[in-house]
1. If we keep just the residues of region 112-129 that are on the phi < 0 side of the Ramachandran plot and assigned to a loop (DSSP other than H, G, I, E, B), which is surrounded by the most Cβ atoms within 10 Å (Cβ to Cβ)?
2. Considering only region 51-72, state which residues are outside any strand (DSSP E or B), surrounded by 13 or more Cβ atoms within 10 Å (Cβ to Cβ) and more than 21 Å from the chain's Cα centre (by Cα).
3. Tell me, please, whether a residue that is free of Cβ contacts under 8 Å to residues at least 60 places away in the same chain, assigned by TED's automatic domain parsing to the domain that holds L159 and in a strand (DSSP E or B) can be found in region 199-218.
4. Before we move on, is K239 in contact with a helix residue (DSSP H, G or I) (Cβ under 8 Å, 6 or more places away or on another chain) and either more than 24 Å from L105 (Cα to Cα) or of a type in the set (K, R) (or both)?
5. Restricting the search to region 135-154, which residues are in a loop (DSSP other than H, G, I, E, B), touching an Asp or Glu at 6+ places or on another chain (Cβ under 8 Å) and closer than 23 Å to Q236 by Cβ?
6. Hey, among D193, D132, D158, which residue is under 24 Å from T223 (Cβ atoms) and assigned to a strand (DSSP E or B)?
7. Given the condition outside the structural domain of G35 (by TED's automatic domain parsing) and loosely packed, with under 13 Cβ neighbours inside 10 Å, answer yes or no: does some residue in region 176-188 qualify?
8. Which residue pairs have Cβ atoms closer than 6 Å, lie 6 or more positions apart in sequence or on different chains, and pair a first residue in region 23-50 that is not assigned by TED's automatic domain parsing to the domain that holds L77 and exposed (fewer than 14 other Cβ atoms within 10 Å of the Cβ) with a second residue that is in a helix (DSSP H, G or I) and modelled with pLDDT under 90?
Amino acid sequence: MRLKIVSFLFLLLCTCILSAQQYQLSKPLIRVDGGGFFEKKAGVTVDFRLEGANLYYTLDGTEPTETSKRYKKGLKLKKSGVVKVKAFKTGFLPSETITTAVHKLGEKIQSIKITPEPPAAYAGDGGSTLIDQQAGSLNFRDGKWLGYNKGPITLTIDLGKAKKVDEILLSTLTAAGAWIMPPTSVSSKLSIDGQSFTPCPALDIAAQKQMDPSGKVYYRISTSDEKCRFIQLVIQPLKELPEWHPGKGNAGWIFMDEIIIR
């Protein structure tokens, strides 16, 4: 009888251990001061409250493991990069990896012209929305985004004087459930006088897949340290949502919150 009780308790213990191993840790919560843009330093904090769990992170875009740097307190970053964080605890499956990008702000933009004007519902503060050096949240209705479902959209940027430009960064949002999709194309041209423009290399933009996550997406255009005063971007929203989308056949939206010039 005693042997049966011991065997039962052993089996119960094994079942509990196996059950625990089937549970996956929840995702950590990550916050970046300024919403992802910074001038000198980016403050990054991670919240995960479970005794015995450890957080590990990387700053180079690689997947965190238990051999990566351990997160203990807030991070202060001086360079643009990709922060990835993952939670680990003995007896549990690791959490999903949380990824966020931080971008150092660049040149102050003197002015911007937009054609056509955005729809009133998603007009933000007009063109200044894209050059105010303030990030929009993941809520596209927060007033810090410009939204379009028709194109092409032409943005003409004036830096105030001729400067060497290494890259142009366009910050956008993707949320397929809200019909917000990647653009189908982003082309760019540079000019000294605002009359004669030289095209930059074209971007290769992948179509949104059904299982792709929502979040911010940044499009980087390399200009090879060219000197210019004026920059022209032409952006084309998705004309028809794909077959897998509940709104298939309707136009997709593009939302933009900032342009960074470095």
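1. Restricting to residues being on the phi < 0 side of the Ramachandran plot and assigned to a loop (DSSP other than H, G, I, E, B), the top hit is P118.
2. Start the filter on region 51-72 by keeping residues that are outside any strand (DSSP E or B), which leaves 51-53, 59, 61-68, 72.
Imposing the further condition that a residue be surrounded by 13 or more Cβ atoms within 10 Å (Cβ to Cβ) reduces the set to 53, 59, 64, 68.
Hits for region 51-72 are A53, S68.
3. yes
4. Against the criterion (in contact with a helix residue (DSSP H, G or I) (Cβ under 8 Å, 6 or more places away or on another chain) and either more than 24 Å from L105 (Cα to Cα) or of a type in the set (K, R) (or both)), K239 does not qualify.
5. G136, K144, W145
6. Numbers: D193 fails: assigned to a strand (DSSP E or B); D132 fails: assigned to a strand (DSSP E or B).
Exactly one of D193, D132, D158 is under 24 Å from T223 (Cβ atoms) and assigned to a strand (DSSP E or B), namely D158.
7. yes
8. none
The values are calculated or read from the model by the stated rules, or taken from the named source; none is laboratory data. Owing to the predicted nature of the structure, the values given are computational and were not obtained by experimental measurement. As a convention, Cβ positions derive from the backbone with ideal geometry for all residues, glycine included, and neighbour counts pool all protein chains shown.
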